[in-house]
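A.B. asks: A single structure is presented below for examination.
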Amino acid sequence: MSTTVLIILAILTAVSAVAALSIIRWREQQRLARARLMVELSDLVLQHHDAISVLHPWLSENSIVTLANIIQRANRQMAELQLSVNNKVKKATLQASEWIENPPMKKPSALPQDEPGAKQLRKALQLEIDLVKQAYQNRRLEAAPASALLRELRLLNVRLVVTVLLSKASAAISMNNPSSAELHLQKVIKTVKAIKHPNDEVMSLCQRATLMLDDIKQNKAQPSDNNRLAEAADQLAEEQDAWKKKHF
């Protein structure tokens with residue numbers, strides 16, 4: 001076999017090896033990309049589902065349906081790409097279908113006033129706000145529904161914060177700590193003033209805080225008057241004692 005043929009065979013072998021290695025690497029990259037996409041979409045479904053499960057008593061039907069549609073869109077994408085999903089994701093997508101067909105009605109449920117309950121709800125709120133922003137950025141949600149959702153979620157967050165502060169203020173008043181109550185009530189008013197276009201419910205909570213603050217100020221003024229009267233009475237008693245000692 002001539003030297004030229006050997007060189008050609010060596011080149012072909014090297015090219016084949018490089019090509020085979022490139023194919024293997026490409027397949028591995030594709031496999032990793034599919035795995036990452038599966039994890040990303042699965043996390044998206046579960047995060048939305050968990051957030052809706054916590055928040056739905058205070059969300060409108062339109063918001064629940066919009067969020068459930070985000071879950072279904074991610075589910076369809078996984079199906080089109082033939083990505084395998086676990087049972088937890090399957091249950092979440094089935095629940096989303098039920099929410100779309102029969103959205104749970106918004107209930108007049110009281111917001112939690114205790115720290116643990118409020119913390120859990122606020123965590124779900126903050127997560128859902130971030131997810132809605134991501135959905136809009138990734139074109140899974142149009143501008144109008146994204147804007148409506150964010151407004152509703154932010155107002156709910158304000159209501160939650162204000163409710164907890166009012167509860168703390170009431171507790172402080174019952175413990176005869178008006179200074180602490182005053183600080184909490186001032187935070188309520190400041191929080192409401194910081195948002196644009198508060199709804200009637202938020203404004204009602206703000207008015208309640210203002211009335212409570214006025215009551216505290218009035219009660220503060222009354223003891224000071226009593227103190228002045230007591231001081232005057234004490235002074236008069238001292239003068240009378242001094243006069244008695246002088247004349248008797």
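The values are calculated or read from the model by the stated rules, or taken from the named source; none is laboratory data. It should be emphasised that the depicted structure is a prediction, and the values quoted were computed from it without experimental measurement. Every residue, glycine as well, gets a Cβ built from its backbone with ideal geometry; the counts of neighbours run over all protein chains shown. The protein model used for the area step is the full one, side chains on, heavy atoms only, and it has no ligands, DNA or RNA in it. Shrake-Rupley method; radii C 1.70, N 1.55, O 1.52, S 1.80 Å.
A.B. asks: Scanning for something surrounded by 11 or more Cβ atoms within 10 Å (Cβ to Cβ), of a type outside the set (S, T, N, Q) and modelled with pLDDT under 90, does region 58-77 turn up at least one residue?
C.D. replies: So far as region 58-77 goes, no, none of its residues is surrounded by 11 or more Cβ atoms within 10 Å (Cβ to Cβ), of a type outside the set (S, T, N, Q) and modelled with pLDDT under 90.
A.B. asks: Out of the residues in region 87-96 meeting the condition of being touching a helix residue (DSSP H, G or I) at 6+ places or on another chain (Cβ under 7 Å) and not hydrophobic (A, V, I, L, M, F, W, C), tell me which one is surrounded by the most Cβ atoms within 10 Å (Cβ to Cβ). Steps first, please.
C.D. replies: Of region 87-96, the ones touching a helix residue (DSSP H, G or I) at 6+ places or on another chain (Cβ under 7 Å) are 88-89, 92-93, 95-96.
Next cut, not hydrophobic (A, V, I, L, M, F, W, C) only: 88, 93, 95.
Details: Lys88: 12, Thr93: 21, Gln95: 16.
Step by step, filter region 87-96, then rank; the result is Thr93.
A.B. asks: Sticking with this structure for a sec: Just to be sure, is Met38 in contact with a helix residue (DSSP H, G or I) (Cβ under 9 Å, 6 or more places away or on another chain), closer than 22 Å to Asn75 by Cβ and at pLDDT below 90?
C.D. replies: Values: in contact with a helix residue (DSSP H, G or I) (Cβ under 9 Å, 6 or more places away or on another chain): yes; closer than 22 Å to Asn75 by Cβ: yes; at pLDDT below 90: yes.
Answer is yes for this residue.
A.B. asks: Taking region 159-175, which residues are over 22 Å from the mean Cα position of the chain (by Cα) and part of a helix (DSSP H, G or I)?
C.D. replies: First, the residues of region 159-175 that are over 22 Å from the mean Cα position of the chain (by Cα): 169-175.
Ala169, Ser170, Ala171, Ala172, Ile173, Ser174, listed by residue number.
A.B. asks: List the number of the failed condition for Thr191; all other conditions in (1) closer than 30 Å to Ser147 by Cα; (2) modelled with pLDDT under 90; (3) surrounded by 10 or more Cβ atoms within 10 Å (Cβ to Cβ) hold.
C.D. replies: Of everything listed in (1) closer than 30 Å to Ser147 by Cα; (2) modelled with pLDDT under 90; (3) surrounded by 10 or more Cβ atoms within 10 Å (Cβ to Cβ), Thr191 misses just condition (2).
A.B. asks: Within region 176-187, is there a residue that is within 19 Å of the chain's Cα centre (by Cα), part of a loop (DSSP other than H, G, I, E, B) and farther than 15 Å from Leu165 by Cα?
C.D. replies: No, region 176-187 contains no residue that is within 19 Å of the chain's Cα centre (by Cα), part of a loop (DSSP other than H, G, I, E, B) and farther than 15 Å from Leu165 by Cα.
A.B. asks: Still on this model: How many of the residues making up region 107-149 are open to solvent by 20 Å² or more (accessible area, probe 1.4 Å) and more than 20 Å from Thr163 (Cβ to Cβ)?
C.D. replies: 14
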